[in-house]
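Enquirer: There's a structure below that I have some questions on.
The values are calculated or read from the model by the stated rules, or taken from the named source; none is laboratory data. This one's a predicted model, so the numbers in the text were calculated from it and none came from an experiment. Cβ atoms come from the backbone with ideal geometry, glycine included; neighbour counts cover every protein chain shown. To get the accessible areas, we keep the full protein, side chains included, count just its heavy atoms, and leave off ligands, DNA and RNA. Shrake-Rupley method; radii C 1.70, N 1.55, O 1.52, S 1.80 Å.
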Amino acid sequence: FGVATKQAQSSDTEVLELSQPKTTVAIGDFAEQKILNYLQNISQVNMDFTVSDTSSKTGHGDIEVIHREKRICIEVKHYTKPVPMKEIDKYHRSLALSEYDAGLIIQLDRCGYAREAGLNSPIDIRMYEGKPSAYLTAIDLQMLYPIITVLIMSADKKCVLTEEQLELKTKALLGIQEKIEDLRGAISIQKKAIDRMETAVEKIARLSVI
């Protein structure tokens, strides 16, 4: 996973939570663009990773990724409340198209999905009508490539993953996500400590001048 994601890292290596635009349409467009840009960065260092903007193509999700000869439909949502079932059903209709081998839907906010969907984990990968599908909630951008890789493996007819194997891989991905969150928390604490030290040094410097 590391080769593709290390070079795609920049300011994009933050949790998928956005609050900059104000209108619903602007928030959605900003969210899609952020993820599209990150995936395009991966495509620049991986010639077998093609990314297309399909948001203007009716019924085809927001983004399409072609990797290892598999097509993945990606739907991006940024709701400040659980994503309603009608939007999940809309994603499922796109996934059901014959051209797609797998799919993933991303909810950028921590509100997750409608209760009746039964999606309570930040990373949930399951089979939907014979196709692997990932349901993501407020995950770190760096998790996208490994999740896509698991979807590709699950879609490979020559190496079909059992439900148990898929569950184990999902748990492994959740473990990586938790470690990233812990690391970001530690970095944030260290940054605050450094900021306090710099403030103290500045005060001492001013006193010495006086």
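Enquirer: List, please: which pairs have Cβ atoms under 8 Å, are six or more places apart or on different chains, and start with a residue in region 153-173 that is under 13 Å from G130 (Cα atoms) and end with one that is among the hydrophobic types (A, V, I, L, M, F, W, C) and in a helix (DSSP H, G or I)?
Expert: Matching pairs, first to second residue: S154/L166; L161/M153.
Enquirer: Output the qualifying pairs, or none if there are none: Cβ atoms under 8 angstrom, residues six or more apart or on different chains, first residue in region 110-123 and touching a residue at least 60 places away in the same chain (Cβ under 8 Å), second residue open to solvent by 10 Å² or more (accessible area, probe 1.4 Å) and of a type in the set (S, T, Y).
Expert: Once the first residue is touching a residue at least 60 places away in the same chain (Cβ under 8 Å) and sits in region 110-123, its partners that are open to solvent by 10 Å² or more (accessible area, probe 1.4 Å) and of a type in the set (S, T, Y) give R110/T137.
Enquirer: Return the residue satisfying two criteria in turn: it lies in region 149-189 and is at pLDDT below 80 and of a type in the set (K, R), and of such residues it is most open to solvent (accessible area, probe 1.4 Å).
Expert: K158
Enquirer: How many residues, within region 47-70, are assigned to a strand (DSSP E or B), touching a residue at least 24 places away in the same chain (Cβ under 8 Å) and of a type outside the set (D, E, K, R)?
Expert: Final tally of qualifying residues: 4.
Enquirer: Okay, next question. Could you tell me whether A102 is hydrophobic (A, V, I, L, M, F, W, C), open to solvent by 10 Å² or more (accessible area, probe 1.4 Å) and either within 21 Å of I42 (Cβ to Cβ) or free of Cβ contacts under 8 Å to residues at least 60 places away in the same chain (or both)?
Expert: no
Enquirer: Yes or no: region 82-91 includes at least one residue that is surrounded by fewer than 21 Cβ atoms within 10 Å (Cβ to Cβ), over 16 Å from D140 (Cα atoms) and among the aromatic types (F, W, Y).
Expert: No, region 82-91 contains no residue that is surrounded by fewer than 21 Cβ atoms within 10 Å (Cβ to Cβ), over 16 Å from D140 (Cα atoms) and among the aromatic types (F, W, Y).
Enquirer: Identify, from the list I88, I27, the residue that is at pLDDT 95 or above, of a type in the set (V, I, T) and either over 15 Å from the mean Cα position of the chain (by Cα) or farther than 24 Å from P122 by Cβ (or both).
Expert: Being at pLDDT 95 or above, of a type in the set (V, I, T) and either over 15 Å from the mean Cα position of the chain (by Cα) or farther than 24 Å from P122 by Cβ (or both) holds for just one of I88, I27, which is I88.
Enquirer: Out of everything in region 60-76 that is in contact with a Gly (Cβ under 8 Å, 6 or more places away or on another chain) and not acidic (D, E), what residue ends up being modelled with the lowest pLDDT? Give the steps one after another, and end with the answer.
Expert: From region 60-76, those in contact with a Gly (Cβ under 8 Å, 6 or more places away or on another chain) are 61, 72-76; that's our starting set.
Still in the list and also not acidic (D, E): 61, 72-74, 76.
Working: G61: 92, I72: 97, C73: 97, I74: 97, V76: 95.
Taking the candidates together, the pick is G61.
Enquirer: Right, next: Would you check if I125 is closer than 26 Å to Q40 by Cβ and at pLDDT 95 or above? Outline the logic, then answer.
Expert: Details: closer than 26 Å to Q40 by Cβ: yes; at pLDDT 95 or above: no.
No: the conditions fail for I125.
Enquirer: Tell me, which residue of region 56-70 that is closer than 21 Å to Y145 by Cβ and over 17 Å from the mean Cα position of the chain (by Cα) is most open to solvent (accessible area, probe 1.4 Å)?
Expert: Top of the filtered list is E69.
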